[in-house]
Every structure is written in C-alpha cells, then in structure tokens.
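Only the coordinates and a few stated rules stand behind these numbers; no lab work does. Predicted model only: the values in this text are computed from it and were never measured. Here the Cβ positions follow ideal geometry from the backbone for every residue, glycine too, while neighbour counts run over all protein chains shown.
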Amino acid sequence: MGRHTQEVQLKRSKLTILIFMGLIISTIGGYLLIHRQGSQQKLIPKIETKADISLEEIHYVETKGKKKEWELKAKVAQHFIHEDLTLLKDLMVTFYPGEGRIVTMKGEKGSIKGKKEIEVRGNVVITSSDGYRVVTNSLHYDETRRQIYTSDPVLIERKGMRVKGIGLLVDLKKGRLYIQKKVDTVIEG
C-alpha cells in the first residue's frame, strides 16, 4: 500500500471518528436536557440521595418517523435541579446513523452540567459496526468551544490501524482530531 493511500485512509479514519464522537456527545446532552423535563411520570421512590429526581433502569429510544435514531440505557439517573446537574451510572448509548451502521458508547458514569458541559468517564469505549474502537477513561464535551477532549491515554483502533497517545482534542468547528502527545501509530498493510 502506497504512502499516499495510507495518508488518505488515516485522514478518513480520523474524520469518521471525529463525526462519531461529536454525534455521541451531542446526542446524549440533547436527550438529557430535553428528556429530564418530561421524566416526572416515571418517578420511582427516591433512592438514598439528595437528588431532586432519581430514576433506575432507564431505557429511552429516540425515533424519527418509524426509524430508530438512538437509544440510551442507564442503571441510574439523578437530577439536581438547583445545580442544573444530571448524573448517570453504567450508561450505554447506541446510535443508528443509517445504512445499517451502529455506533455504541459505554461508560461507568456520565454527567451534564448546565446545557454546555458533558462528561463520560470510567472505561469509556466507543465501537462502531464498521470496525472502529475508541478507548479512554474520560471524554468531555464543551458546547461553547465545540470541542471534545480528554487528557487521559487514548487508543483508536480499526483493522490494520492502531493509534495510541495521551490526550485527545476533537475540534468540531475545524473538523480536526488531535492526539496531544506520545503518539504511536501502526498501519498494517
């Protein structure tokens, strides 16, 4: 495989990962910001917490027409009204972007602060049906700057490609993905 072909393939891989990460973080934030206002009907007895709203075993499916767009599952969701904070435990979000593709993100914990800051942490793994896998310990989304970032080690894999490094910055405005330091890339061909 020629050097030019590898560069094009790596650029395509980065763009695909960038799009998936932006879609995942934006969708989780949008869901929690919209859905928490309508969740009053599904209240369960208050768990031992200071949360204003506590829900267990969440399963929410977002559809457009008859097409499933995405779904969220979480063991626990807690919302603190005065802090404008929502916490999730053991979450999994599955996206259905079309053409039979599926993208799934799992994490141990998630939080949304206000309408602008989203964080997923604890063994964060993003997988796609076309073979991409992103692994890190945390991902943050800042709506104001339109950036997804982590200072943790990150691993991006696909058949024939493996990129490792420390720190990740996805600039959604520029459409760029940066691994900040100690980058190690292996392309097999």
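Summary of values
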{"read-out": "Extension gain (nm, one decimal) between D152 and L85, 0.36 nm per residue minus Cα-Cα", "value": "21.8 nm"}
{"read-out": "Within region 123-152, backbone nitrogen closer than 18 Å to the virtual label 7 Å beyond the Cα of Y178 toward Cβ", "value": "139-152"}
{"read-out": "Across K64/K174; K68/K113; K67/K182, pairs whose alpha-carbon gap is larger than 31 Å", "value": "K67/K182"}
{"read-out": "Candidate aspartates and glutamates - alpha carbon under 19 Å from K116, same-chain residues fewer than 8 apart omitted", "value": "E83, D84, D142, E143, D171"}
{"read-out": "Net charge over other residues, Cβ less than 10 angstrom from the Cβ of R121 (K, R count +1; D, E count -1)", "value": "-2"}
